[in-house]
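The values are calculated or read from the model by the stated rules, or taken from the named source; none is laboratory data. Computed from a predicted model, the values in this text were never measured in an experiment. Positions of Cβ are backbone-derived with ideal geometry, glycine not excepted, and every protein chain shown enters the neighbour counts. With ligands, DNA and RNA removed, areas are computed over all heavy atoms of the protein, side chains included. Shrake-Rupley method; radii C 1.70, N 1.55, O 1.52, S 1.80 Å.
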Amino acid sequence: MNGDITQSQEWAELAKHHDELAGKHLRELFAEDPGRAGRMTLTAGDLHLDYAKHRATEETIDLLVALAERAGLRERVSAMFGGEHINVSEDRAVLHVALRMRENAELVVDGQDVVGDVHAVLDRMSAFSDRVRSKEWRGATGQPISTVVNIGIGGSDLGPAMAYEALRDYADAGIEARFVSNIDPADITGTLAGLDPATTLFVVSSKTFTTLETLTNARVARSWLVAALGEDAVSRHFVAVSTNAEKVAEFGIDPENMFGFWDWVGGRYSYDGAIGLSLMIAIGPERFREMLSGFREMDQHFRTAPFKANMPVIMAMLGIWYTDFFGAETRAVLPYSQRLHRFPAYLQQLTMESNGKSVRADGSPVTVATGEIFWGEPGTNGQHAFYQLLHQGTRLVPADFIGFAEPYEDREGMHDLLTANLLAQTSALAFGRTAEEIAGEGTPAEIVPHKVMPGNRPTSTILAPKLTPSTLGQLVALYEHIVFVEGTVWGVDSFDQWGVELGKKMALDLAPALTSDEPPTSFPDASTEELVKKYRELRGR
Ligand code: F6P
């Protein structure tokens, strides 16, 4: 829909419904309708979703689905998959879904054979990965590669780093991957520590190949390598992933060793393409393609399942429900899997860079809150840190719990204990403990209020058979599409990120004020002026 969706009949009906439902406790909802536990579940690929523990009834879901229809979600899905320029502020198609289309699929956009191009790059990546993994590709001294260092930031780091951690059990070629992103020198120092230049391969990953952090880290890495092995070693130890062949050549990397992608892949949506090269080298092309098939399975579900049975749609619309009707500010993502410890950080960029917008695609201001704040840590560590606030604090924090039936490797029944914790938490959050129950245990009256667990805290539980390349792909695609649905309802452009540009430019403008011998004469503002002076003083300048 064009314009302000909050003025629609569907929005008004949800507001009214919220007034009726907000006072109800999940205990009441379950007492009135015990069958909801069996009904409010969904399956997509290997993922099972339980959404019964939400402050929602079937009527809520119907109203939310009606709002999605009203927002024109159907047309938007077709527009994205069809390659229309739905990234309006940059006039670009949004085709990360093409990165995992089958080879025989057809998609020509703006005169470009998108699927053909995607598979040509995938094949080059596979061939290169196989050469590195089989030790055919050798470093300048003739030794095989034992460590791949990905140099990138944002979407050129978080995706492959998260996925490598998630799938490290599948890294079977004896090649370790490391990731460096921050311009803080401590990051590259830590990353290079203990590495042998002769067996290290750097993958410089940058869509634009202009990002200060990445190019600075790449230069430092280059000097480190050249100091040990000489200038001629660069071509055996540096490859690039970028859309910008010119800048890659300028940096001194042979375009033969560059893996490309296209402006229609957003950075935060890119690790299932060439940005995933370091991951592919570690786990192998076959596993990487299994991951792509997982993405594809979720794409297919998203594209074809009726909205009421559509996992990304239901999870997204519940996000809208809490954000805009209950006033929730954040959503916790709590993977009960140590391997997914970088998943919340990855989702932060995916969701917040996409939907942290306050104007709609047509430039008009939004009139409701947009952009959920995503955060989280793996269970059970989070339980011993911040869950207190989730259980008894004043804020409403809807949470996504993610668990797996099979561990990669169990030890003395630990995995069942992990899962028991997940289930206990979602139950306690939903149903809590009443004052009567606590008093009934003989608790002194003055202590009872401290022990009351209010409950009524909504959660989704996603269960999958096992964390595999395929289920990881399904999970990531699930959240990509959640972002898309929410962005559609809010009417924002989920695929630009102008908000991060100003800071980048200002940092470049400010750098000389910190480093030059001459005291600077101009500052962006008075507070920054004082801080620059203090910094120079502390640095003895
Ligand atoms: O943080 C802004 C951003 O543009 C992200 O969107 C992107 O993933 C990141 O910088 C890195 O950009 P590049 O891949 O061009 O180096």
I'd like the distance separating the alpha-carbon centroids of the stretch 110-181 and the stretch 309-364, in whole Å. 28
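Can I get the semi-axes of the chain's equivalent ellipsoid? Compute them from the C-alpha gyration tensor as square roots of 5 times the eigenvalues, in angstrom, largest first.
Working: eigenvalues 340, 148, 141 Å².
Square roots of five times the eigenvalues give 41, 27, 27 Å.
Where does the stretch 381-519 land on Rg(C-alpha)/(2.2 N^0.38 Å)? It would help to have the intermediate numbers written out before the result.
On the way: Rg = 23.2 Å, N = 139, 2.2 N^0.38 = 14.3 Å.
Dividing the Cα Rg of the stretch 381-519 by 2.2 N^0.38 Å gives 1.61.
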Run through the DSSP bridge list for the stretch 96-288 and note the antiparallel percent, rounded to the nearest 5. 15
In whole Å, largest first, the alpha carbons of the stretch 130-174 cover along the principal axes 33, 23, 13
Leaving ligands, DNA and RNA out of it, work out the accessible area of Asp509 with a 1.4 Å probe and give it in Å² to the nearest 10. 100
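Tell me which GluC sites (Glu not before Pro) from the stretch 389-467 have a DSSP coil assignment and no more than 11 other beta carbons within 10 Å of their own. Before the final figure, lay out the partial values.
Working: sites: Glu409, Glu412, Glu436, Glu437, Glu441, Glu446; in loops: Glu409, Glu412, Glu441, Glu446.
Of the GluC sites (Glu not before Pro), the ones in loops of the stretch 389-467 whose Cβ has at most 11 other Cβ atoms within 10 Å are Glu409, Glu412, Glu441, Glu446.
Hey, can you find the accessible area per residue of the chain for me, probe 1.4 Å, expressed in square angstrom?
43
Kirkwood hydrodynamic radius, computed over distinct alpha-carbon pairs, for the stretch 223-331: how many Å, to one decimal?
Numbers: mean 1/r = 0.0565 Å⁻¹.
Result for the stretch 223-331 stands at 17.7 Å.
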Loop-only trypsin sites (Lys or Arg not before Pro) in the stretch 70-117, please: DSSP not H, G, I, E or B, and at most 16 other Cβ atoms within 10 Å. Arg102
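Give the whole-number value, in cubic angstrom per residue, of the convex hull volume spanned by the C-alpha atoms of the stretch 273-361. Don't jump to the answer; show the numbers that get you there.
Details: hull volume 13.9 nm³, N = 89.
So the per-residue Cα hull volume is 157 Å³.
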So how much accessible area does Thr43 have, in Å² to the nearest 10, using a 1.4 Å probe? 90
Provide the per-residue ³J(HN,Hα) series for the stretch 188-194, in order, calculated from phi with Karplus coefficients 6.51, -1.76, 1.60 and θ = phi - 60°, each as a whole number of Hz, with x at glycine and proline positions. 5, 4, x, 5, 7, 4, x
Over all alpha-carbon pairs of the stretch 55-212, lay out the pair-distance distribution in 5 Å bins, whole %, shortest bin first. 2, 7, 11, 14, 15, 14, 11, 10, 8, 5, 3, 1, 0, 0
Based on Cα coordinates alone, diagonalise the gyration tensor for the stretch 317-460, multiply each eigenvalue by 5, take square roots, and list the semi-axes in whole Å, largest first. 31, 24, 10
Mean shadow area of the stretch 1-118 over all directions, Cα convex hull, nm²: 10.2
